[in-house]
Amino acid sequence: MSAMSANHLRAKLLERVAEGDFWKMLRLRFGECRIAVRTNNPALIANFTRYYADFLDRGKGSGSGDAPDMTVTALETDVWNPDLPWIVKQPDPGKIKVKEEYLDLFLNQGEGRFVRKRLTGMLFYFDRETHLAVGPCLANDNQVINFVNSRFIQWMLDRNSLLCHAAGVALNGNGLALAGFSGMGKSTLALHLMRRGLDFVSNDRLLIQDAESEPLPHGPTMHGVAKLPRVNPGTILGNPSLTGLLDASRKEVYARMEPDELWNLEQKHDVYLDECFGQGKFLDSARMVGLVILNWKPKYPRTSLELVDLVQRPELLDTVIKSPGLFFLPRPDVAYRFQPESYLDIFKKCAVFEARGGVDFDHVADACVHYLGQQGEG
């Protein structure tokens, strides 16, 4: 099949969308970015209303009278499996399973891209004007959520933000970015900090804007992505605020496991923050006053949290730098900042700490609270 077939598929999908007069709509607001989500499946809107409860654009007072910056369409259908010359996305380092394939289109108004999820059959198409998810959307609503969030990430990157692989929390408007090598426990530390009264900003993606691109000259601002924390059973057992996520029988099974076995267990649970910590705990942004990098190991005896200079420790940048991935299409008129130097420049403007030695979430959480308590109001 030629690339022209992809253009025909795009035209067919747009025609299918244009025929629909049955759309249900949900308006979301992530900071200054307004996204409308429309779908032909009311159950998907119900799921999204729950998932995005802290980011609903509820009325004129919150800006719903304004046109959205983009509209994401989720078309509930059977699996589409177009016979196109797909390009396989190679697995990330350490992974072996191929999960995605893609195909780019070259249009009069710029570039477009199809992405197909091999395991679920979900098909996504996006360009500068169109944002479309097609297939069994309700059964794979987590992939549609990720797609919506990817549109916000694109919107922020187009406005000169810096993408970081980090969680984020805040106290009195002052934020800490939490980074670490794979499996170090960013989400676990964030939830320990929430138990101490902090607000949640992001699970594992932050978008940093420098003071030069902000109206207030107060240093960098970190913007979160509206993705709920997903945690393993070990995190749940170690945090009393989360124990309601497991029934008694499951708790008993996990409690009998050895610590190493529990640490490596991959059975993720979504954490609805309002159920565990109360209403209004999910913020869209905060002033960034620090970065904590987790670089510890389970069986080491002691934990230390020390200031570091990333210029002298450039290997730690690997914990923070994040590729935007397949769902990002660069625009020729935007100077994106993906170079290590951009990260070094932004983190010169806040304190950077490294947690080393043994794993001790309580020790580091207490130190983080103490540090944030010294920063005043954000």
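The values are calculated or read from the model by the stated rules, or taken from the named source; none is laboratory data. Quick caveat: nothing in here was measured; it's all calculated off a predicted structure. Quick reminder, even Gly has a Cβ in these numbers, built from the backbone with ideal geometry, and neighbours come from all protein chains shown. Quick note on the areas: whole protein, heavy atoms, side chains included, nothing else; ligands and nucleic acids left out. Shrake-Rupley method; radii C 1.70, N 1.55, O 1.52, S 1.80 Å.
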Residue selected from segment 328-378 under the condition in contact with an Asp or Glu (Cβ under 7 Å, 6 or more places away or on another chain) and more than 27 Å from Gly234 (Cβ to Cβ), by the criterion surrounded by the fewest Cβ atoms within 10 Å (Cβ to Cβ): Val334
Close pairs from segment 50-73: first not assigned by the TED database to the domain that holds Phe124, partner aromatic (Phe, Trp, Tyr) and at pLDDT 95 or above, Cβ under 7 Å, at least 6 apart: none
Any hit, segment 23-37, residues being at pLDDT below 95 and either over 30 Å from Thr221 (Cβ atoms) or not assigned by the TED database to the domain that holds Asn7 (or both): yes
Hits in segment 205-223 - residues which are in a loop (DSSP other than H, G, I, E, B) and modelled with pLDDT of 90 or more: Arg205, Pro220
Exclusive hit being farther than 27 Å from Ser285 by Cβ, touching a strand residue (DSSP E or B) at 6+ places or on another chain (Cβ under 8 Å), at pLDDT below 90 and open to solvent by less than 80 Å² (accessible area, probe 1.4 Å), set Val98, Val88: Val98
Residue within segment 82-104 that is basic (Lys, Arg) and not in a loop (DSSP other than H, G, I, E, B) present: no
Residues of segment 224-246 classified as in a strand (DSSP E or B) and either out of contact with any Leu (no Cβ under 9 Å at 6 or more places or on another chain) or modelled with pLDDT of 95 or more (or both), total: 2
Residues of segment 222-257 satisfying the condition of being over 17 Å from Cys276 (Cβ atoms) and among the hydroxyl-bearing types (Ser, Thr, Tyr): Ser249, Tyr254
Selection from segment 126-140 of residues that are in contact with a helix residue (DSSP H, G or I) (Cβ under 8 Å, 6 or more places away or on another chain) and surrounded by fewer than 20 Cβ atoms within 10 Å (Cβ to Cβ): Thr130, Leu138
